Amino acid sequence: MALPALPVARGRNTGRPRAGMSAIERSRRRLYWPMLLPALLLMLLFYVVPILYAGWLSLHTWDGINELTWRGMDNYVQLAKDPIFIGSIANTLKILFVVGIITFVFAFALTMVLREMTGRKFVRSVLFFPTLINAMVFGIFAGFLFSPAGPVNKILALVGVQDPPKWLAQDNLFNLIMIVMIWSATGYFTTIIMSAVDQIPAYYYEAAGLDGAGPWTKFRHVTLPLAWDVISVCAVLWTMSSVKVFELILVFGGSTAQAPPTSTWATAVYVYQAAFGGGSREFGVSAAAAIVSLALVTVLTIGLRRMLRREAIEI
Amino acid sequence: MNQVLTQSPESAPAAPAQAPAQVPMRKPGRKTRPSVGGMVGRVIVWLLVAFNLFLVVWMVTTSLRDTRDIAREPLGLPLAPHWENFTTAWNTGGFGIAAINSVVATLVSSLLVVAIAAPAAYVLAKSTRRLSSTFTLLFVLGLGVPGQVLLVPIYVMLAKFQDLSHLKMINSIQGLIIVMVGLGIPFTVFLLAGFFRSLPVEIEEAAAIDGSSGIRTFVQIVLPLARSGLVTAFMLAVISGWNETLFSLVMLTTAENRTLPIALLAFLDQSQFNGADWGGLFAGIVLVVTPVLALFIWLGRRIVEGMTVGISK
């Protein structure tokens, strides 16, 4: 606003000699390290050091008890040849792209519908809520609802479907997992996109409407370009969360004391199973898989940002 | 006008408030299509809402039904409330001790993470040092690190620390609390830094002119001003702590140390051998879901904003 003098008085220039600093700036400097250090130390201890340690472990064979032995890149070679690991990477990519794209389409469709709807706040809250619940609960729900004698099949039988699909058969399991993910993620992304769309002034739509734009044209030429920044952030967020998917897969089917079928594993499940999933503890392999998933999330995030940025300029 | 009339049956109450949205629909050639599409859309949305609400109601009613009853008729209502599902789950199912552990771990870790992150977020938000942007970037990058990358290293580090210090870390709630605090730092710093940045600097300057020291300004002036941000950060830490599964699963191995998600997993495993106790299982699920549901009903707007608003920056 009309306060141009204040930022100057605050002393924006970092290279300024001490004497030129305001009192507030000086006391801020004195408190800088004491206030920052605890968080910074935790960051080092729980992020920086563990990542470096994982990189180092991934070059060794270790069961957590015996001596650590050097293995070079062999863990990575082993992973590259392991069909289960390749499958889990493929599943992670499926979650990222298939679930991601469908979720975004739904989120946009919902945003468009909700924009002109009564009770939108209520609807948004109800759809948002699954985001806050441990995904395990949905895994158990799905296992129960889709069990052979479960409610879904009973309802289908009422409608006349006598031979319902085997929902929980190995071949269908991952698809069902993806459907549950779409359902639980849609509300979250709808909320984010809606908050961006709400900031678009209504007269843009009016103007487009006067020019004869239909709903699709308005969406394509008003909503999409103006909400683009948020969409690209959402894409990055989704990339990060899709690599983390764990609980849902772990319990899916609702009744497995052992590991879930390997055809449903994603990278997080693979890392967990290699290190702690019964049998021998293979910390080296697990760490290598972890490093691969970190590399994956890094490459995908950077790639997506690049891709989406270019599009934004195009519009 | 015609358009408005065809729409009015389902959207009449909103019509005056949403007037601008209807202006574009005056175009004569296009009057039916958006209305049909919009109507179908609305029906689908309300079906979705109904489904979500149904899940909550179904979860609660099922938790009050007899297990054999549930197996026979999965969608029925309880004939008489079977509260014993909850007592079984609480006592023999191990959910009681797990609930206490979950509450302790979640509250303590959330308080600590906010207490540690708030000062750091404050200096990062207000400082003009060049170093600060490097640190800010470090915290932001931390947001993108998947938990599984840290799983084995943190586990091994904790085990080693336990050997050295003889403080119980593995299979102890205090160990889990430390991990949850450490892992929660990047998000909380990120969230609070955004919040502190939005606070007007004039108030602090006024305090400084009045002779308030830096730390006093922070504690007595900035923190109270930032209360809503701190509450939001705390709530979000509570929710993520309450749902934490990966590290808890690896670290907590015995029944007396389990948190609720792990107790739920253990209960599932048990039902492999003893036959599924659906009533008990749903009682356990209710224990996991209800606190979050209550928080959401109470402070939903804040939670939603905390999880979405900072993102667009």
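The values are calculated or read from the model by the stated rules, or taken from the named source; none is laboratory data. Here the structure is a predicted model, which means the values were calculated and not measured. In this analysis, Cβ positions are derived from the backbone assuming ideal geometry, glycine residues included, and neighbour counts consider all displayed protein chains. The protein model used for the area step is the full one, side chains on, heavy atoms only, and it has no ligands, DNA or RNA in it. Shrake-Rupley method; radii C 1.70, N 1.55, O 1.52, S 1.80 Å.
Can you tell me how many residues within region A:266-275 are under 22 Å from A:GLY72 (Cα atoms) and of a type in the set (A, V, I, L, M, F, W, C)?
3
Determine which member of the set A:GLN199, A:GLN162 is more than 9 Å from chain B (Cβ to nearest Cβ) and at pLDDT below 85.
Selected residue: A:GLN162, the only one of A:GLN199, A:GLN162 that is more than 9 Å from chain B (Cβ to nearest Cβ) and at pLDDT below 85.
Of the conditions (1) in contact with a Phe, Trp or Tyr (Cβ under 6 Å, 6 or more places away or on another chain); (2) surrounded by fewer than 19 Cβ atoms within 10 Å (Cβ to Cβ); (3) of a type in the set (Phe, Trp, Tyr), A:TRP62 fails just one. Which one is it?
Every listed condition holds for A:TRP62 apart from (2).
Take the residues of region B:242-259 that are in contact with a helix residue (DSSP H, G or I) (Cβ under 8 Å, 6 or more places away or on another chain) and part of a loop (DSSP other than H, G, I, E, B): which is surrounded by the fewest Cβ atoms within 10 Å (Cβ to Cβ)?
B:THR245
If we keep just the residues of region B:209-219 that are under 37 Å from the mean Cα position of the chain (by Cα) and aliphatic (A, V, I, L, M), which is nearest to A:ARG28 (Cα to Cα)?
B:ILE215
Report, by residue number, each residue of region B:100-143 that is open to solvent by less than 10 Å² (accessible area, probe 1.4 Å) and over 14 Å from A:LEU36 (Cβ atoms).
Once the filter is applied, which keeps residues that are open to solvent by less than 10 Å² (accessible area, probe 1.4 Å) and over 14 Å from A:LEU36 (Cβ atoms), region B:100-143 yields B:SER102, B:ALA105, B:THR106, B:SER109, B:SER110, B:VAL113, B:GLY142.
Does region B:175-212 hold any residues that are surrounded by fewer than 15 Cβ atoms within 10 Å (Cβ to Cβ) and either farther than 28 Å from B:GLY144 by Cβ or outside the structural domain of B:PRO146 (by TED's automatic domain parsing) (or both), and which are they?
B:PRO200, B:GLU202, B:ILE203, B:ALA206, B:ILE209, B:ASP210, B:GLY211
Quick one: which residue in A:PHE129, A:PHE97, A:PHE138 is aromatic (Phe, Trp, Tyr), surrounded by fewer than 20 Cβ atoms within 10 Å (Cβ to Cβ) and under 18 Å from the mean Cα position of the chain (by Cα)?
Being aromatic (Phe, Trp, Tyr), surrounded by fewer than 20 Cβ atoms within 10 Å (Cβ to Cβ) and under 18 Å from the mean Cα position of the chain (by Cα) holds for just one of A:PHE129, A:PHE97, A:PHE138, which is A:PHE97.
Tell me the residue from B:ILE285, B:ILE239, B:ILE262 that is out of contact with any Pro (no Cβ under 6 Å at 6 or more places or on another chain), under 30 Å from B:GLY76 (Cβ atoms) and crowded, with 20+ Cβ neighbours inside 10 Å, please.
B:ILE285
Between residues in region A:95-121 that are facing another protein chain (nearest Cβ under 9 Å) and residues that are open to solvent by 20 Å² or more (accessible area, probe 1.4 Å) and outside any helix (DSSP H, G or I), which pairs lie under 6 Å by C-beta distance while being six or more apart or on different chains?
Within 6 Å, the pairs are A:GLU116/B:GLN18.
(1) more than 8 Å from chain A (Cβ to nearest Cβ); (2) touching an Asp or Glu at 6+ places or on another chain (Cβ under 6 Å): which one isn't true of B:LEU252, the others all being true?
(2)
Let's see how each residue does on (1) more than 10 Å from chain B (Cβ to nearest Cβ); (2) more than 25 Å from A:HIS60 (Cβ to Cβ):
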site	(1), (2)
A:ALA207	no, yes
A:HIS221	yes, yes
A:ASP229	no, yes
A:THR262	yes, no
A:ALA268	no, no
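Would you check if B:ILE154 is under 24 Å from A:ARG281 (Cα atoms) and surrounded by 19 or more Cβ atoms within 10 Å (Cβ to Cβ)?
yes
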